Structure formats: C-alpha cells, structure tokens
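Everything below concerns the one structure shown next.
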C-alpha cells in the first residue's frame, strides 16, 4: 500500500491521485461519454439502461442516479468529469459546489460574493493546526 | 529571429466564457470583472503579436483518463472548439502555427522536455476563455495560437519548478526559429479556487496577492511552492497556477508588470489577470 500523503490532512478535499484514479476510471469515463450530444440524449431518456454500458460498482451507480455529488468523489469521481452529469441537469459548478459543501444555493452565492470560504480554520483536519499557514 | 515579447497570466473560468457568449457581461454580477479586462484588450491590440503560445489545461475535453499527457503541444493547422458537455462555445476556430509549433516540439524534445505531439485536438474553455478575455468577440482570433497543454487534472501535475524550466526551454527554442515573429505567451488557470468537496468555495486573497507580487519580485521563489501548499492554501484546483510558471520562465529575468486585475468571485474562483513585458522588448 502507498503511504499516507501530506495532503490527506486537508479537510473536505478529495485529491484525484493514483488511488482515486484506480477506483474512479469507469465512473469518470461514463461522464466523459456525455461530451457527445447523442450520448447525453440516450442517458437522459433512460439513465439506468445507459449506465449498464459501464462497469460501475453498485455504489457508483447509486451516486450517479441519486445525484450524490459528494458521494461520487468518495468513489473515485473527479469533479471535471462528474460536472458533466450536472450539465445534463442544467446545473452549474456553483450549484454543485453548494450541494457538495452542504450550503444552500443562496447562502453559497452570498459566501462567494463576500470573498469566498476563508482558508482560516479550513487548512487542516486537525483543529489544533487549523490556523497555521503552510510555508513553501 | 523570433522572440517572446510579453506574458499574460489569466484565469480561465468557464462561467466567464458563458457570460460573454450570452451577453451578460454588463450585469451587476459580471460588470466589475469585465471592466477590468478592457485595459488588457487595449494593450494587446497595440502589441499586435504575430503568434500566441497558450499554456492551459484540458478539462476532460480533448483528453479523457485514457491517456494523460503531462506536457503536450498542438501542431495542427487549426483546432476546433470542444463540446465540454453543454455544446461547443460559439467562438471562432483556433488557427495554429504548424511551422513554429513543430520547431518547438523538436527543439523541446532535444532539449530534454519529452513533449507529446497532437496533430488533431479540440480546445476547451481553458484555452478559449483567456482568448475571449483578452481579445473580446472578434469574428476570427487576431493571431495564430499554439496550444500547450499541462496535465493538472490527474494528480500529480508537473512541479512549478519543472514548469518554469519548460518556459526557459520554450524561450531558447523560440530564439532559434528563423522567422521574425513577435510572440506573446499566456499562462492560464487559477487563481485560488476549490470546486470539490466540503471545502468548495475556498478563496485566499492573501495567497493570490503574494503570488501576483512574486511574479515580478521573485518568480524563482514561487516555483518552490509545493503541490500540497497550493491545495491547502489556494484550494485543490488552485494548483493550476503551476501553469503560470511556464509563461514566467519564458520571459526575461526582470520584467515590467504593466497591468493587473483581480476580482472575486467569478463563479467559484478568484479571477486574476496580469500582463508582464520583457524589459528588453522593443
């Protein structure tokens, strides 16, 4: 097994590294297929049947069908791929970002207008280290 | 001799392209961002470069996870606009510069940068949004473009230091090209933003400001920022800023900052724009 990474200490962040690449390939390649308008149409007509074309795990399937955006990241989804499902639904990056972070749409938009989510308190999973700034 | 006369750093948020394509740039939300782009467009019109090298990343458009090139150069005559999942942007096809692009590919590989070569590829918002930001909405782009892709989607991207060295090699290669061309190089992506996870929406103005300052004051120090520091401080997608180092490495050691614009938010992102001129440029 690979050693823990120093970025594992960052809270609320799913780095698309080798480990996620190994479990997420088929899920993300399904998303990639949605770049083609004809595939988007087939997917929208019968999502479950379209998903049968891809060797997804039961949990990956559930996450897609239920639009569990955060869940998709946990089973190897990469945001640049999973966003293509959101585009089918007429959602934006900001809509999905709000849903993943559990912030209602309007409150999320207000947070961004007010300068975004502060790094203070959000740098480390360990609250004791949270105010420390990384130095390169 | 060809030479690089200036560098442009520019964020490439898809929503900026959408705002332009749908005529929303004058809305209260977008107006402050777009007002800051006017001066850059004027500057670029006056500069009238012969060619642009645009360093950007593909976002699951031309390349999937099937094949992931770390550094890639596009040598085609032209590059169509990609469908990223909501139809292609209504912007002109990008014309390439095969003679210079092939020269760069050969020179870079022999200079120990193992480029992937693309004869055919669509280009996505990573390339077209910076062109839209700096050129507006012309019927055709005002100059040919050489796309240079950097992987920042599959971890790990190349290091900032490696990107800077690639920039140096690009400059060496450009200066060996026998046509008299004035070239502008774009470094795109960033600035701080996180699109994923419970921490989505992270913005770090302090980090971004220091990064912009460092582009002129001490770019080599910036190349030492680790991937983990980018992700922790500037958000998981803030790591795109490694691409700015390719642009910076291709410029003189000392450059003049001629313009800067920074605005939060553009969707989930801190949008930065910076123009750097080589001191030696005529």
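What to note about this one:
- Conditions (1) surrounded by 24 or more Cβ atoms within 10 Å (Cβ to Cβ); (2) within 14 Å of another protein chain (Cβ to nearest Cβ): number failed by residue B:249: (2)
- Within this structure, residue A:10 passes the test of being within 8 Å of another protein chain (Cβ to nearest Cβ) and either farther than 21 Å from residue B:67 by Cβ or at pLDDT below 95 (or both).
- Residue in the range A:43-59 that is within 10 Å of chain B (Cβ to nearest Cβ) and either assigned to a helix (DSSP H, G or I) or touching a residue at least 40 places away in the same chain (Cβ under 8 Å) (or both) present: no
- For residue B:220, the conditions (1) within 14 Å of chain A (Cβ to nearest Cβ); (2) surrounded by 23 or more Cβ atoms within 10 Å (Cβ to Cβ) are fulfilled apart from (2).
- The residues of the range A:115-136 that are within 9 Å of chain B (Cβ to nearest Cβ) and either at pLDDT 95 or above or under 22 Å from the mean Cα position of the chain (by Cα) (or both), listed by number, are A:115, A:116, A:117, A:118, A:119, A:122, A:123, A:124.
- Within the range B:71-95, being in a loop (DSSP other than H, G, I, E, B), over 19 Å from residue B:139 (Cα atoms) and away from chain A (no Cβ under 14 Å) holds for B:75, B:76.
- Just one of the numbered conditions (1) surrounded by 15 or more Cβ atoms within 10 Å (Cβ to Cβ); (2) in contact (Cβ under 8 Å) with a residue 12 or more places away in the chain; (3) more than 10 Å from chain B (Cβ to nearest Cβ) is not true of residue A:68: (2).
- Test: residue in the range A:47-56 that is under 18 Å from the mean Cα position of the chain (by Cα), closer than 24 Å to residue B:207 by Cα, modelled with pLDDT of 95 or more and surrounded by 15 or more Cβ atoms within 10 Å (Cβ to Cβ): no
- Condition check for residue A:98: touching a residue at least 40 places away in the same chain (Cβ under 8 Å) and at the interface with another protein chain (Cβ under 8 Å from one of its Cβ atoms): no
- Among the conditions (1) within 14 Å of chain A (Cβ to nearest Cβ); (2) under 21 Å from residue B:219 (Cα atoms); (3) more than 12 Å from the chain's Cα centre (by Cα), the only one that residue B:158 does not satisfy is (1).
- Residue that is nearest to the other protein chains (Cβ to nearest Cβ) [pool: residues in the range B:181-206 that are over 30 Å from residue A:81 (Cβ atoms) and in contact with a strand residue (DSSP E or B) (Cβ under 9 Å, 6 or more places away or on another chain)]: B:184
- Considering the range B:23-69, the residues that are part of a loop (DSSP other than H, G, I, E, B) and within 15 Å of the chain's Cα centre (by Cα) include one that is farthest from residue B:127 (Cα to Cα), namely B:59.
The values are calculated or read from the model by the stated rules, or taken from the named source; none is laboratory data. Worth saying up front: this structure is predicted, and the values here are computed from it rather than measured. Positions of Cβ are generated from backbone atoms using ideal geometry, with glycine treated the same way; all protein chains shown enter the neighbour counts.
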